[in-house]
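Nothing in this text is a laboratory measurement; each read-out follows from the coordinates by a stated rule. Since the model is a prediction, treat every value here as computed from it, not as a measurement. All Cβ positions, glycine included, derive from the backbone under ideal geometry; neighbour counts span all protein chains shown.
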Amino acid sequence: MTAIPPAATEATARVRAYLAAMEARDLAAAAALLAPGFAMVFPGGNRFTDPADLVAWAKPRYRFVRKRYGRFDAAPAAEGAAVTCFGTLEGEWPDGTPFAGIRFCDWFLVGPDGRLIRQEVWNDMAEVKQAR
């Protein structure tokens, strides 16, 4: 069995801290974990550089959302470490109807200084919403 490099373990902890801050809507704490030039890309090619812009974009999509993590994978990358998390989303649609079990995958690039450089997000939310 191969040991997990300390940089990958630290990168995973940083990603978890960022995701927890975003879920709690502690945007200042989330922003403090971001590198200059940070970018996040969400389904449909929606690109943001500021957590507040992401929250504004998401507001008409759902009342709230939580992530249930299945696992985190980390590996060295040329610019630092790559961290991928997988799991499901649960929450409420704007009309208050609950949802759960929506697949997601987030990929992060974490720099050598521990700050997040990039986030790429994939999920089945649009497909599930369209089918309701």
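Within region 43-57, if we keep just the residues that are in a strand (DSSP E or B) and touching a helix residue (DSSP H, G or I) at 6+ places or on another chain (Cβ under 7 Å), the residue that is surrounded by the fewest Cβ atoms within 10 Å (Cβ to Cβ) turns out to be N46. Are any residues in region 85-114 more than 19 Å from R66 (Cβ to Cβ) and either crowded, with 17+ Cβ neighbours inside 10 Å or under 11 Å from the mean Cα position of the chain (by Cα) (or both), and if so, which ones? Passing the criteria: W107, L109, V110, G111.
Within region 57-85, the residues that satisfy the criterion of being over 20 Å from E10 (Cβ atoms) and in contact with a strand residue (DSSP E or B) (Cβ under 9 Å, 6 or more places away or on another chain) are W57, A58, Y62, R63, F64, V65, R66, K67, R68, G70.
Restricting attention to region 93-132 and to residues that are part of a strand (DSSP E or B) and among the basic types (K, R), the residue that is nearest to D50 (Cα to Cα) turns out to be R118. Consider region 31-42 and keep the residues that are within 23 Å of M125 (Cα to Cα) and of a type outside the set (V, I, T). The one that is surrounded by the fewest Cβ atoms within 10 Å (Cβ to Cβ) is A39.
Entry remark, region 49-69: residues being touching a Cys at 6+ places or on another chain (Cβ under 8 Å) and free of Cβ contacts under 8 Å to residues at least 40 places away in the same chain number 1 in total.
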